[in-house]
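This report refers to the structure that appears directly beneath it.
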Amino acid sequence: MTVVKSKEANKLAPERRTKTVGLIVGSLREHSFNRIIAAAIPELDTSLAFEWIPLADLPLYNEDVDHGDGPEPVRRFREAINRVDGVIIVSPEYNSGIPGVLKNALDWASTPAKTAALRGKPVGLVGATPGVKGTILSQQQIRQTLEAIQARVLPFHKMYVSQVGDKVDAERRTLTDDTTRKYLKRYVQQFILWIDQARALD
Ligand SMILES: Cc1cc2nc3c(=O)[nH]c(=O)nc-3n(C[C@H](O)[C@H](O)[C@H](O)COP(=O)(O)O)c2cc1C
């Protein structure tokens with residue numbers, strides 16, 4: 001499992017890295033725009049640690065093999081979610097909804113119900129699209145699934161990136177748009193506050 005931290009966060013003593021945030025990208029595409037947006041997040045708050053939580057190895061959900069720790073990639077996936085203080089999902093929209101790979105992953109993180117990795121976990125949602133509607137419909141479905149799992153999705157705040165092709169340098173794989181960076185930073189700050197607020201609900 002890759003732990004990525006901004007250069008500054010790496011210099012901080014571990015006790016000052018108060019929180020670790022998992023990053024899940026809902027696209028397996030090598031040149032994913034959503035992955036570029038996710039990769040910009042660790043640079044926005046240098047006091048945090050970040051951990052990429054990949055989906056690519058997860059098998060298709062099958063209740064027949066969902067017992068004990070489950071298949072090894074599932075065990076690793078659940079363990080990674082358990083390890084972090086919160087998760088930010090950065091996902092595209094497919095056919096006005098949630099990408100199948102992400103729904104599959106969320107289903108794996110929803111069992112066993114009482115100890116599910118995502119149950120009670122603070123979650124933030126970000127989405128990017130070359131289109132103009134900013135993954136609104138996809139985020140609604142992701143939120144609906146997360147609420148069924150009893151994850152604690154950051155309320156009120158939304159983070160949509162429309163026309164993402166104009167906001168990144170696709171070759172250098174970097175976010176170039178300052179306005180998007182400003183809103184993303186604000187969203188991440190709200191999410192960090194939410195981690196503490198959500199903990200207080202326990
Ligand atoms: C099967 C499919 C369905 C799509 N449906 C939508 C959609 O409903 N809304 C949208 O904004 N973009 C849609 N797109 C375009 C994606 O937003 C675009 O491919 C995007 O780059 C995918 O995210 P990624 O770059 O992170 O892989 C669709 C793409 C595919 C392949």
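The values are calculated or read from the model by the stated rules, or taken from the named source; none is laboratory data. Being a predicted model, the structure only gives us computed values, none of them experimental. Positions of Cβ are generated from backbone atoms using ideal geometry, with glycine treated the same way; all protein chains shown enter the neighbour counts. Surface accessibility is based on the protein's heavy atoms, side chains included, excluding ligands, DNA and RNA. Shrake-Rupley method; radii C 1.70, N 1.55, O 1.52, S 1.80 Å.
Within the shell of other residues whose beta carbon sits under 14 angstrom from the beta carbon of residue 170, the net charge comes to 0, with Lys and Arg scored +1 and Asp and Glu -1. Were the residues from residue 148 through residue 113 laid out at 0.36 nm apart, the gain over their Cα-Cα distance would be 11.6 nm.
Backbone amide hydrogens, once placed in the peptide plane, bring residue 152 within less than 5 Å of 120, 121, 123, excluding anything fewer than 5 places away on its chain. Solvent-accessible area assigned to carbon and sulfur over the stretch 49-202 amounts to 49 percent, based on a 1.4 Å probe. The DSSP beta bridges internal to the stretch 3-200 are antiparallel in roughly 25% of cases. A 1.4 Å probe run over the protein chains yields, for the stretch 106-202, 54 Å² of accessible area per residue, whole-number rounding.
Per-residue 3J(HN,Hα) values for the stretch 66-77, derived from phi via the Karplus relation 6.51 cos²θ - 1.76 cosθ + 1.60 with θ = phi - 60°, read 8, 9, x, 6, x, x, 3, x, 5, 4, 5, 4 Hz in sequence order (x marks Gly and Pro). Within the stretch 84-135, the proportion of Cα pairs with more than 12 Å between them is 68 percent.
Among the chymotrypsin sites (Phe, Trp or Tyr not before Pro) found in the stretch 67-172, those both in a DSSP coil and sparsely packed, with 11 or fewer other Cβ atoms within 10 Å of their Cβ, are 156. Label point of residue 178 set 7 angstrom out along Cα-Cβ; within the stretch 30-53, amide nitrogens under 19 Å from it belong to 40-41, 43-45. Shape summary of the stretch 143-193, radius of gyration then Dmax from alpha carbon positions: 13.8, 38 Å. Which percent of the Cα-Cα distances in the chain go past 29 Å? Here the tail beyond 29 Å accounts for 19 percent of pairs.
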